[in-house]
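First the structure, in the form of structure tokens, and then the observations on it.
The numbers here are math on the coordinates, done by the rules we state, and not lab data. Just so we're clear, the structure is a prediction, and the values are computed from it rather than from any experiment. FYI the Cβ positions are ideal-geometry reconstructions off the backbone, even for glycines, and counts take in every protein chain you see.
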Amino acid sequence: MADFIQLLIGGVSMGILYGVVAIGFVLLWQTSQTINFAQGEFVMVPMFLMVALHIVLKIPFWPAFILMLVGSAILGYLFERLMVRKLLPGGVLVIVIATLGLSGFLRYGIQIAWTPQTLFFPPLFSTEPIRLSGITFSPEDIWNIVFISVIIVVLHLCIKRTKLGMAMQAVAQGRETAELMGINVRHIIILVFVLNSVLAGTAALFAAPIFFVRYDIGIFLGVKAFVAAIIGGFNQIRGALVGGLTVGLAETFAAAYITTAYRDAFVMILLFIVLLIKPEGMVGIKEEAY
Amino acid sequence: MLRKTLVSISILSLLIFFSSAPAIAAEAVKIGVVIEMTGAAASLGDYWTKGVKFATKEINDAGGILGRPVEYKIFDTQSKPPISVSAVKKALAWGPFALSGPIYSSSTLANMFLSQEAKTPQNVGSENWRISTKGSKYIWRCSTQQGFEVPKLLNFIMSEKKPKAMAMLHVNNDYGIGAMETTKKVLKEKWNTELVAVMATEQKQADYSAELTTVRRKNVDALFIYFLEEEAAIVYRQIRKMGLKLVVFGPNSSISEDSLRLGKAAAEGVYGMSGFEYNAPEPNCARISKWFKKQYKEWPDNEFMKGYNSIYLVKTGIEQTGGFDKVKYSQKMHDIFITPKMQKNICGGNLYYDDVGDLHLWDYLVQVKWDGTHAKPGIVAALPPLKGPDSNKKTIWYEK
Amino acid sequence: MPLLETQKMTKDFYKLRAVNQLDFHVEKGEIVAVIGPNGSGKSTFFNCITHIYSATAGRVFYQGRDVTGLPADKIIRQGIGRTFQLIQLFLEMTVFENMLLSVQEHRGSLLSRLFTKDDSEDIERAHEILEFLHISHLKDELAGNLSYGQQKLLDFGMVLMPRPELVLLDEPTSGVEMEMRERLMDHIRELNKQGQTFVVIEHNMDVVMNLCERIVVLDYGEKIAEGRPEEIQTNQRVIDAYFGVEE
Amino acid sequence: MKRWLFWGVVIAILCALPRFLGDYTLYVVSLTYVYTIVAIGLNLTLGYANQVSLCHASFFGIGAYTMALLLAQGWSFWLILPLSGIFGGLFGAVVGFPALKWKDHYLALITIAVNIITFFVMVQESWLTGGPTGVSGISRPSIGSLSFASDFNYYYLLLVFCILAILASIWIVNSKWGRAFRAIGLNELAARGHGISSFNYKLLAFAVGAFFAGVGGGLFAPLLRYIAPDAFTFFISLEFLIMIVIGGMGRIEGPIIGAIIVVMGPEVLRMAEAAYLIVYSLMLILVMLFMREGLVIVLDRLRKAIPARVGSRE
């Protein structure tokens, strides 16, 4: 039982990170049918930004964090403005290739412009172990889970309750209808892209002490989050979260109870199963056939 | 107009494409550095090339090799074996005297037959034992191969720490699996025991709670980790976060500067072994590490020393044969005992190269110390090589 | 033995019943119209017969054989041709390629299709049909560049290519100009005389009354009437269904 | 007639090429031939039949491992090469089953999953595959006294197979299969409505595409003389995808242009030293932004422009 809870903590703390990155996939897919293969790099770049601001330039934590989010937002804005807007008419594959190019550009850009080395980022919370009847965990795990959960809940509420959120939902339902309702679809889409990259920036802050700051972490995170989004359901924010947690837990439990050698393969097998039984994802809503 | 443009474009592209053809033979001793500049091992490749750069500068400042300057050119393998083949081909087309790199064993295994065919010495940073079984007379290692490193390390742990239950975590690639095979063999043959758990992990894996829970469940008291630098550091952190008390030990990557810089306090107490340590009682390692620290504001990873040595090996070989004959070089550089007297700048003290190009040298057993701001390797002992003239020497203890 | 028969054909979309317990049959040589208000399940019924949709319940018999659950393409290859309500063409291929595609699967084995070229007979027939439909000058044009009416004709032409015994036409005359409509009807009659059987979904009552010998009326997925044109014209349930009871 | 002359000249140039190429450039061109064959396969699956496959590296790998492992058992290269293709093709047909139900990004993801799983099998099942260190010492074939052991001779073997693959793809595309592939890709509903079996042709599209990839793999192993799982990761599948998209999907010339760009591009760009991968990535973005149909349209424009000029002079 102690082991079980231990694994649960490990799995959830990873899964929730995958989940928050996966939400970005969902947001972009819903509002503009964009599959962003550079999503992982949208986490990696803020990591380096944070190191640059906080550790190299020695700016205090909070101002540095705000600046980093601003930087992420600009990245998201440029991404929409310079790339996606022009690429969308070309269809999904064109976007896939172009974002792959973007992913390489950002990755090698950081490597050349800065460093191929992995950089240290200090933990946000204490990592001293706390023992509780056979279970050992650190405040870092718990706080990560709590903070990210809060962010996701706030995001969810914003989308469900605020006027802006409603507008986003309307755009996701259908562009023409949204336009008829008097919503400025362009602005909403830009907003979603900025939101996505800010979210990724926030994820970067929590991921940096755990993964460390390395230029090639984006591929790893991107693929994991993409799988999470599909498993959970591509058209639901909830889906991304459920998917992330499922991936995190599946990895951990499969590694603990079956074999570690096929750790990543298990996630893929899980993906098969989910797609076979419920192609729209675990909590996704069936899309209308058209 | 159009035709003119077309013609000029095609001529231009032809020029670009063929400009990689062999240049007019210069006086220089050319060394093709085939290395991981991008991809998963880019940071290691970065250290390696810095070592190459420094060694080249040092040799040229001192008048070159037999009066000829050293010139190197970098060829990126992207950390991928097929690309490494094209990189070596490209390097060989440049007409080098020798090659330096790559580090990844899978890349070396893919391209080593090329240097063998071209009869061009290749000094690699790979550690997988299979490389030595391929029968190439043109491969030299710049680090101890797993087949010798693992038994040495296990010797120490088994005889000094006397663990009751040992487990192994290894990275799921040629590097980790090669070591796992050797470990199983050595434990069975020499110590008549087995690992209680063997777990393969992924590169870039960030959560090890599954593995460590198993370790805890099986009451493991000695954990052998065979990882690349970043993953090693992540595991140290998690071992600490789970409050596990056990002996953690690993190969040179687990105590190399990159692991310690990232692992910080969590790395404290980890045992590891390396032939090249910046604070080892070996003057050349210490000397070039100081230079590195001054240059780049941090201590070097041991790949820096290996890259450095890869150039000095070429110098040694040429000087020992007295000319630029690669076949003679190959003959001379096997079963050779390189001492500081023979090559005063080479790192690692007495180096012995056996008849398959495996390196045997004194390895330093270190335990990581934490001084509140930095994790440092604390030298515990110097372990003699398993082969060569020094193999009958006794272990030197620095602290016990 | 009827050429085509359905027994208790039922199709649910989630909780909505689109086709309800429909018994239907066509004799060889007939021209039958299926009519009904919008959303009465006519097209869904066609799609269930040809297994574009899996029917929730019920069976389909063609020439006395049970073809329920066979893949759509296999049912088509039994000798049934059909059009769709929304024209389904290969828009990025030429008109002529479209014509040949519609017949290529009806003969030979899968492997032979890698090695054999199109039959000269098929090519001739494609020319003839295009000629008849007055679109032969467009044969090398991409289907996507055709006007709606022309696409409609092409669609019709493609169905005729493999000489199907039974033809299911989903609104063949909508969007087709008057003159061509007459030609189409003549052609259908002509083919019918030669032994081909037609089932037509149609909104244009002129076409229905002139062309068909028997009419089946659907409403909310149920058959509410069946009979000769003049019987249907006076049937009270049909009038209610079309114009609403309250009126 | 003129066209034959043109192709004759092209082939003559390609035959003469090794005399002028260095060892390294020869290898790059040889590699381009191999990748062209695989990209042709993907072009049939994706470009024509519109079935997204992001696991062509798996098919490629299966071909390569078939070759490497059976050669080690002493089988003849000429016997194994068709087997490489057939094994790849059979596996492709199996992978094709999900395509019956899913398309677009779902299918993309499923095939990514297939690629990742096969990669794990290659790494883990070392009793069969040699594990992560792979298989080395792969020999090259010979016919009678004509040995293809040297890079120089093997180049010609690859050239022949590459030309055969191109001709085969032209044949398939112009056959009823090719037409059915395009039909399924363009409008599945219409295809089924005209008796074209989506079951048969989707599986065929995967099988045929995978067959080419398998043959490519079978030729790749002796070229490198060493194979390891690293050469068959999902990222290699992405490279194949990039090849056909950059070259031009659904065009015969597409995969050829694409393979040339993707294999040679980085090598040529190495001029720019460290920055070459940045330049390459940037190029991907720019091509997608400004030349969505792929570089093949450049060729189309040239074709239009050149005869016009020749004509005006006459």
With C:Gly41 itself left out, Lys, Arg at +1 and Asp, Glu at -1 over residues whose Cβ is under 9 Å from its Cβ give +1
Roughly what would the spin-label model give for D:Arg19 and B:Glu194, points 7 Å off Cα along C-beta, in nm?
6.5
Quantify how strongly other chains surround peptide B:69-75 by giving the mean number of their Cβ atoms within 10 Å of each of its Cβ atoms.
1
Compute the FRET efficiency between A:Ala2 and A:Ile273 as 1/(1 + (r/R0)^6), taking r as their Cβ-Cβ distance and R0 = 25 Å, and round to the nearest 0.05.
0.30
Would you mind calculating the gained length between B:Lys73 and B:Thr339 on full extension (0.36 nm times residue separation, minus the Cα-Cα distance), in nm to one decimal?
92.9 nm
Tell me, what is the percent relative contact order of the stretch B:314-400, built from C-alpha pairs under 8 Å that lie six or more residues apart?
18
Based on the Cβ-Cβ distance from B:Leu66 to B:Trp291, what FRET efficiency comes out when R0 is 22 Å, to the nearest 0.05?
0.35
Mean 1/r over distinct Cα pairs of the stretch B:56-166, inverted to a Kirkwood Rh in Å, yields 15.8
Provide the packing ranking of A:18-27, C:111-120, i.e. peptides ordered by the mean count of other C-beta atoms within 10 Å per residue, highest first.
A:18-27, C:111-120
Could you give the size of the charge dipole of the protein assembly as shown about its Cα centre, using +1 on the Cβ of each K and R and -1 on the Cβ of each D and E, expressed in debye and rounded to the nearest 20?
3660
Most exposed to least, judged by fewest other Cβ atoms within 10 Å, B:Leu195, A:Leu195, C:Leu218, D:Leu79 sort to D:Leu79, B:Leu195, A:Leu195, C:Leu218
Taking N as the residue count of the protein assembly as shown, its alpha carbon Rg divided by 2.2 N^0.38 Å gives 1.05
Between B:Lys134 and A:Ile55, how high is the FRET efficiency from 1/(1 + (r/R0)^6) when r is the Cβ-Cβ distance and R₀ = 56 Å? Nearest 0.05.
0.80
For the pair C:Ile123/C:His203, report the inter-label distance in nm, with labels modelled 7 Å from Cα in the Cβ direction.
4.1
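If the viscosity is 1.567 mPa s and the temperature 4 °C, what Stokes-Einstein diffusion coefficient in µm²/s follows for chain D when Rh is the Kirkwood radius over Cα pairs?
Stokes-Einstein gives a translational diffusion coefficient of 64 µm²/s.
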Within 10 Å of each Cβ of A:135-142, how many other protein chain Cβ atoms are there on average?
3
Can you show me the helix-derived [θ] at 222 nm for the protein assembly as shown, built from DSSP H runs with n ≥ 4 at -39,500 (n - 2.57) apiece and divided by the number of residues, rounded to the nearest 500.
-18000 deg cm²/dmol
How big is the Kirkwood radius of the stretch D:140-219, worked out from every pair of different alpha carbons and given in Å to one decimal?
14.7
Two pseudo-spin positions, 7 Å from Cα along C-beta at A:Phe147 and at C:Ser54, lie apart in nanometres by 4.9
Looking only at Cα atoms, what is the convex hull volume of the stretch D:1-105 per residue, in Å³?
157
Cα-Cα P(r), chain B, percent of pairs per 20 Å interval:
28, 55, 15, 2, 0
For the stretch A:2-217, list log₁₀ I(q)/I(0) at each q in 0.13, 0.17 Å⁻¹, using the Debye formula over Cα point scatterers of equal strength and ignoring solvent, two decimals each.
-0.80, -1.21
Which helices count as membrane-span-like in chain A under these terms: full DSSP H, at least 27 Å along the axis by C-alpha, Kyte-Doolittle mean of -1.0 or more?
A:2-32, A:92-113, A:139-161, A:185-211, A:237-257
So, relative contact order of the stretch A:2-217 in percent, Cα under 8 Å, 6 or more apart, is 40
Over chain C, what is the relative contact order in percent, taking alpha-carbon pairs closer than 8 angstrom and at least six residues apart?
28
Of all DSSP beta bridges in the protein assembly as shown, what percent run antiparallel (nearest 5)?
50
Highest mean packing first, using Cβ neighbours within 10 angstrom, the peptides A:58-70, B:162-174 sort as B:162-174, A:58-70
Under the rule rounded for a/c under 1.5, else prolate if a/b exceeds b/c, else oblate, using alpha carbon gyration tensor axes a ≥ b ≥ c, the stretch D:90-223 is classed as oblate
Nearby lysines by direct alpha-carbon distance to B:Lys119 (threshold 18 angstrom, same-chain neighbours under 8 apart not counted)
B:Lys30, B:Lys89, B:Lys90, B:Lys134, B:Lys137, B:Lys315, B:Lys326, B:Lys328, B:Lys332
Neighbours of D:Ala149 by Cβ distance under 12 Å: Lys/Arg at +1, Asp/Glu at -1, summed charge 0
Apply the a/c threshold of 1.5 to the C-alpha gyration tensor of the stretch C:25-162 and tell me whether it is rounded, prolate or oblate.
oblate
Could you give the dipole magnitude of chain B about its Cα centre, charging the beta-carbon of Lys and Arg +1 and that of Asp and Glu -1, in debye to the nearest 20?
140
Across the residues of B:102-115, average count of Cβ atoms on other protein chains within 10 Å?
4
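Give the order of B:Glu71, B:Glu319 when sorted by the count of other beta carbons within 10 angstrom, beginning with the fewest.
Ranking B:Glu71, B:Glu319 by Cβ neighbours within 10 Å, fewest first, gives B:Glu319, B:Glu71.
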Taking neighbour counts of Cβ atoms within 10 Å as a proxy for exposure, in what order, fewest first, do D:His105, D:His56, C:His187, A:His54 appear?
C:His187, D:His105, A:His54, D:His56
